[in-house]
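Note sheet for the following structure.
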């Protein structure tokens, strides 16, 4: 079943989450850097395949609409063949990156933020590509900047695909999953596990399989990781991927932490979409001990699901964004928990790519679209970084190829402040604040 290799023999113990999921400083950090990230166009406007630029300003400048930021002219190019997957330290002084695809795909690097376009790459690196591919999905746990978790699924095949088993009846499609823990401070691989993750026999015989893992989150007890899934269905007779299929209930993989062993699958009967997110966090631990998780590609529109402290879906919690926002086919591009039951979500609806911002109340299961100057070319499809600093939530709002602004949302009052101008370039878009 599983192969296991431990690169470092001991895992650091993790204290109770003390990051933005449990804000302890309502005023935030007045001295932190605000780093803005922009994605360059590759071959098509908005594809983000030309690389990633970053630029850092003071909190005061980020809040000032008279300040202009041009990350493409004045910024620093982060190492990545395509769009970098960035994370920031809680104090904003460090950026963490794992290069995505290309010759350096899978290479972890750490940058000290000096301000403006000055970022110093520290003389530390580790490459995880041989374990988690050159295109790993990863996030930083909210454990005081100690740990990053990278995940991957590779080599999906039928049980009877090999020469020695060609006469066996079909039973399932499965890939090999990798879950890897990265020490962000010592810059080493703390350990990893690889295994196949089965669904039920009834689901697998129909061709359902886990296509991708992403967006791990640590539970309240600190002893389990909840990992989001992107599901796929293949035709058992032909092996071809089916584009339109009846979706199963939303599924997450639960593994022991810090051992990364004993994967099990839990299933929601409320959501029917994937919950892997795209390039950002997608599940958050709240003060009530529950984990809240968004769905994508949901046949009934995106939902916010709740996972209990016992690591099971709470199917009595039914938060439909379609119902709450009064729209059809809501789709969560990116979202962030801000504390005290409040979250902000970047979403589309009705099959359009036009993005909107909404303020969610997870306790009352209500949502309100934020009044902003929306543009038909505003597309949050590749958005990565929503910054939570105390009661303030920072989001970069720029239509593709057009100028925009930083907006600051007060999660307690709902107040919106227009901040610094973000100068754009044809085909490019801003993808996050860190």
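For region 72-93, the set of residues classified as in contact with a strand residue (DSSP E or B) (Cβ under 7 Å, 6 or more places away or on another chain) and either surrounded by 23 or more Cβ atoms within 10 Å (Cβ to Cβ) or at pLDDT below 95 (or both) consists of 77, 78, 79, 80, 83, 84, 85, 86, 87, 88, listed by residue number.
Would you mind finding the one in 280, 276 that is closer than 11 Å to residue 227 by Cβ, touching a strand residue (DSSP E or B) at 6+ places or on another chain (Cβ under 9 Å) and touching a residue at least 60 places away in the same chain (Cβ under 8 Å)?
On the way: 280 fails: closer than 11 Å to residue 227 by Cβ.
Among 280, 276, only 276 is closer than 11 Å to residue 227 by Cβ, touching a strand residue (DSSP E or B) at 6+ places or on another chain (Cβ under 9 Å) and touching a residue at least 60 places away in the same chain (Cβ under 8 Å).
In the set (1) modelled with pLDDT under 95; (2) outside any loop (DSSP other than H, G, I, E, B); (3) touching a strand residue (DSSP E or B) at 6+ places or on another chain (Cβ under 8 Å), the condition left unmet by residue 123 is number (3). Would you be able to say whether some residue in region 219-237 is in a loop (DSSP other than H, G, I, E, B), on the phi < 0 side of the Ramachandran plot and crowded, with 23+ Cβ neighbours inside 10 Å? No.
Filtering 187, 179 for residues that are more than 14 Å from residue 265 (Cα to Cα), in contact with a strand residue (DSSP E or B) (Cβ under 6 Å, 6 or more places away or on another chain) and buried (at least 22 other Cβ atoms within 10 Å of the Cβ) leaves a single hit, 179.
Within region 412-424, is there a residue that is in contact (Cβ under 8 Å) with a residue 12 or more places away in the chain, part of a loop (DSSP other than H, G, I, E, B) and buried (at least 23 other Cβ atoms within 10 Å of the Cβ)? So far as region 412-424 goes, no, none of its residues is in contact (Cβ under 8 Å) with a residue 12 or more places away in the chain, part of a loop (DSSP other than H, G, I, E, B) and buried (at least 23 other Cβ atoms within 10 Å of the Cβ).
Of all the residues that make up region 41-71, how many are in a loop (DSSP other than H, G, I, E, B) and modelled with pLDDT of 95 or more? Please lay out each step first, then the result.
Our first condition is that a residue be in a loop (DSSP other than H, G, I, E, B); within region 41-71, this holds for 41-51, 63-67, 70.
Going one step further and asking which of them are modelled with pLDDT of 95 or more, we end up with 63-67, 70.
Residues flagged as in a loop (DSSP other than H, G, I, E, B) and modelled with pLDDT of 95 or more within region 41-71 amount to 6.
Here is a list: 321, 325. Which entry is free of Cβ contacts under 8 Å to residues at least 60 places away in the same chain, surrounded by 21 or more Cβ atoms within 10 Å (Cβ to Cβ) and more than 24 Å from residue 266 (Cβ to Cβ)? Don't jump to the end; show me each part of the working.
Numbers: 321 fails: more than 24 Å from residue 266 (Cβ to Cβ).
After ruling out the rest, the residue left standing is 325.
Only one entry in 329, 322, 389 is touching a helix residue (DSSP H, G or I) at 6+ places or on another chain (Cβ under 9 Å) and farther than 30 Å from residue 98 by Cα, namely 329.
For a quick check of your reading: which strands (runs of 3 or more DSSP E) sit entirely within region 247-332 and have at least 1 residues that are at pLDDT 95 or above, more than 20 Å from the chain's Cα centre (by Cα) and within 17 Å of residue 351 (Cβ to Cβ)?
Details: elements: 251-256, 264-267, 283-285, 291-294, 303-307.
By residue number, no strands (runs of 3 or more DSSP E) qualify.
Taking the numbered list (1) under 27 Å from residue 61 (Cβ atoms); (2) surrounded by 19 or more Cβ atoms within 10 Å (Cβ to Cβ); (3) in contact with a helix residue (DSSP H, G or I) (Cβ under 6 Å, 6 or more places away or on another chain) in turn, residue 117 passes all entries but (2). Filtered by the rule that a residue be part of a loop (DSSP other than H, G, I, E, B) and at negative phi, region 187-218 gives 196, 197, 198, 199, 200, 205, 206.
Scanning region 398-411 for residues that are closer than 18 Å to residue 75 by Cβ, assigned to a strand (DSSP E or B) and in contact (Cβ under 8 Å) with a residue 40 or more places away in the chain yields 405, 406.
The values are calculated or read from the model by the stated rules, or taken from the named source; none is laboratory data. What you are looking at is a predicted structure, and each value in this text was computed from that prediction instead of being measured. Heads up, the Cβs are rebuilt from the backbone with ideal geometry, glycines too, and the neighbour counts pull from every protein chain shown.
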